[in-house]
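In what follows, a structure is listed as structure tokens, so that the remarks can point back to it.
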Amino acid sequence: MSIIDRITQTGPPAVAGDRFELTNKEKASLLAGVDDWHVRGVERLGLPTIRVTDCGHGVTLCGDRCSPATCFPTGIGMASTWNVKLMEHVGEVLGRETRALGCSIMLGPMINLHRIPLNGRSFETFSEDPVLAGLLGAAIIRGIQRVGVAACVKAVAANNQQREQDKISSMVDMRTLRELYLLGFEIAIRDGRPATVMTSYNGVNGELTSENRWLLTDLIKGEWAFEGLIVSDWRAVKSKRVFTSGLDLEMPGPGKFLNTAAVLSALESGELSQEDLDDKARRIVSVLDKYGRAPESDGALDTPEHRAIARQVAEESIVLLKNQNDLLPLDKKRLKRVLVTGPNAASARLGGGGSASVTPFYSISPLDGIREICGDDVEVRFVEGCGIVGSMETLIAQVDHLDTYGKRTTGWQAEFFNNGVPSDKPDATWVVPQIDYSWGWAAPGPGVLRCNYAVRFTGRLTPTLSGKYRLGLFGQEGCVRLRMNGEVICRAWPEDDNFEGNYVSQYETAEVELVAGEPVEFVVEYQKRAARGAVRMEWQIPGAIDRLKQATDAAAEADVVIVCAGLSNLHEGGSRDRVNLDLPEQQIRLIGAITKVNPKTVVALFNGGPLVMPWEKDVPALLEAWY
């Protein structure tokens, strides 16, 4: 008899007083997490309490810990490689980095189908094709578990939208359910053999997936012979029907329905059978035993190999949609001047919003990459043209700050505070070229927690023109304020941080008189109060021409124009479906104006779901680069 069998046996111990036998109370205690991110172990048997981590296109630590991780292209980009073997290597990287960060279960991959085009999480999952999704999901699972970390395939099943997903039910006939919505999971479970499966928030045919005995017990555990544990999505258990559905683990802990007292009460009343309790305990103990003991030293972070694999996925994910007259690839030997424009040029857009947000060790924007490739041989000019938010351009030029050595250094000093209050002792500090960031649910960088942080940007501007300047300040789901020479000139910093008010985004403007050659000190402060974080400072100099005209004038003088367009985590993500399938209107105007003055225009799209492109006919070269 194996240790697992001895632990969860229902009859008398194989040996009188066998120390491996679990009591019903111990078994019941396993059926819900300790807290948001820990699965309970059994200390007296050496079965450790283990930590889980979120996953999309990298390891996303949650709770009171933070760390960067290797950031891959998002799921839809991974699927565009059509490379099963490469996805196994991705899984190995995810597993090694999960292990290095002290976690034992990775909550991914997500393989729900792309069925509703506006779904905010299309970026996170693979495809509209269940066979492709299943094969790629299985490959990532194999890679994760090969290095000693449990994978969790999610979210079964028919999870197609973010809006009111915990209230809706997907009504699907049986043939469609099996041949589309469930086929990817069947393939991933058969070929990947994941340790865990996660249910979805939505119902299927009128029944919540966490309470659906046909789905969890008859199909997944029975017909598909799944031997691992089935876990709820967070706070997705709604009733006592969970006692008979086949769900093994309620998260987060201590559990609303599968807490120890409720489980023992259900066992006594007959709502939960001894056989079902033993089965749940056996599955959980098996995962604890197999994946809870590997040391963190078995992991690795940010290695040259990890970087190389991330780059290979990025290269293979890009799709060439159109290439009239062989405009691509560009030959820098034939170029003298390149214009780069668009709201996704100067910032690396790394994914949609939500729990799949990843904090990278480093990021390279399209603009930085183009400049690096061109070197000194080609003049690369950047004109933003339009932003993701706001109506002016980011303040980049002529800003410096006083560093810790008392020396003037180019750029803004950014100081981050994990207690959410700007003070004298930052938890992390670095230098940034501009204030234009959309971090979403992710932490801004090393040493910064995901939730309720604050940041203070300090910079000195020496204007070259005298006159009236317009300033703009944007903060997402939080507070912003701007000081000039110590005086507050923009403020949206409510003192009453009520729940609903925390989710309001702020945009403030001001007009100030500046004198050429006279430096002014700016301090921008932002406090994240809810789920998503973003901050942007912009300006308009006296007598400035319209941003669109500035871009078209530069385009007319360029040998080629690269427009970096698309979306960001401000448009799509967990809990946020898209409003429509269009590019933002200002981007459509930018592309139209550029193509009228320069016939050699390349549009590169960075987004996580489908777009309609009525402007495509005027664009000679088009790339889908995803995130």
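The values are calculated or read from the model by the stated rules, or taken from the named source; none is laboratory data. It should be emphasised that the depicted structure is a prediction, and the values quoted were computed from it without experimental measurement. Note: ideal-geometry Cβ built from the backbone for every residue, glycine included; neighbour counts use all protein chains shown. Keep in mind that these areas ignore ligands, DNA and RNA; they rest on the heavy atoms of the full protein, side chains included. Shrake-Rupley method; radii C 1.70, N 1.55, O 1.52, S 1.80 Å.
A few notes on this one:
- Among the residues making up segment 258-277, those that are open to solvent by less than 60 Å² (accessible area, probe 1.4 Å) and either within 14 Å of Asp35 (Cα to Cα) or among the charged types (D, E, K, R) (or both) are Leu258, Asn259, Thr260, Asp276.
- Residue within segment 415-431 that is within 25 Å of Gly517 (Cα to Cα) and open to solvent by 70 Å² or more (accessible area, probe 1.4 Å) present: yes
- Taking the numbered list (1) under 27 Å from the mean Cα position of the chain (by Cα); (2) surrounded by fewer than 20 Cβ atoms within 10 Å (Cβ to Cβ); (3) part of a loop (DSSP other than H, G, I, E, B) in turn, Asp377 passes all entries but (1).
- The one condition from (1) open to solvent by 40 Å² or more (accessible area, probe 1.4 Å); (2) of a type in the set (S, T, N, Q); (3) closer than 26 Å to Gly486 by Cβ that Thr394 does not meet is (1).
Every residue, every condition in (1) farther than 20 Å from Gly472 by Cα; (2) hydroxyl-bearing (Ser, Thr, Tyr); (3) modelled with pLDDT under 90; (4) over 31 Å from the mean Cα position of the chain (by Cα), yes or no:
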{"position": "Met484", "(1), (2), (3), (4)": "no, no, no, yes"}
{"position": "Phe522", "(1), (2), (3), (4)": "no, no, no, yes"}
{"position": "Gly533", "(1), (2), (3), (4)": "no, no, no, no"}
{"position": "Trp539", "(1), (2), (3), (4)": "no, no, no, no"}
{"position": "Thr552", "(1), (2), (3), (4)": "yes, yes, no, yes"}
{"position": "Ala565", "(1), (2), (3), (4)": "yes, no, no, no"}
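- Any hit, segment 561-578, residues being assigned to a helix (DSSP H, G or I), over 20 Å from Asp326 (Cβ atoms), out of contact with any Phe, Trp or Tyr (no Cβ under 8 Å at 6 or more places or on another chain) and open to solvent by 20 Å² or more (accessible area, probe 1.4 Å): no
- The residue of segment 278-326 that is nearest to Leu249 (Cα to Cα), among those that are assigned to a loop (DSSP other than H, G, I, E, B) and open to solvent by less than 50 Å² (accessible area, probe 1.4 Å), is Gly292.
- Residue in segment 202-220 that is open to solvent by 40 Å² or more (accessible area, probe 1.4 Å), assigned to a loop (DSSP other than H, G, I, E, B), polar (S, T, N, Q) and more than 23 Å from Tyr181 (Cα to Cα) present: no
- Restricted to segment 242-255, and to residues there that are part of a loop (DSSP other than H, G, I, E, B), touching a strand residue (DSSP E or B) at 6+ places or on another chain (Cβ under 7 Å) and not small (Gly, Ala, Ser), the residue that is farthest from Glu207 (Cα to Cα) is Pro254.
- Residue tally, condition in a loop (DSSP other than H, G, I, E, B) and free of Cβ contacts under 8 Å to residues at least 60 places away in the same chain, over segment 175-197: 3
- One residue from Leu86, Leu135, Leu118 being out of contact with any Pro (no Cβ under 8 Å at 6 or more places or on another chain), in a helix (DSSP H, G or I) and open to solvent by 10 Å² or more (accessible area, probe 1.4 Å): Leu135
- Top-ranked residue of segment 513-546 - restricted to ones that are touching a Ser or Thr at 6+ places or on another chain (Cβ under 6 Å) and part of a strand (DSSP E or B), ranked as surrounded by the fewest Cβ atoms within 10 Å (Cβ to Cβ): Val523
- Count - residues of segment 97-121 that are more than 24 Å from Met251 (Cβ to Cβ) and either free of Cβ contacts under 8 Å to residues at least 24 places away in the same chain or not aliphatic (A, V, I, L, M) (or both): 3
- Among the residues of segment 450-469, those identified as closer than 14 Å to Phe522 by Cα and open to solvent by 30 Å² or more (accessible area, probe 1.4 Å) are Arg456, Thr458, Arg460, Thr462.
- Segment 143-174, subset of a type outside the set (A, V, I, L, M, F, W, C) and in a strand (DSSP E or B), residue surrounded by the most Cβ atoms within 10 Å (Cβ to Cβ): Lys154
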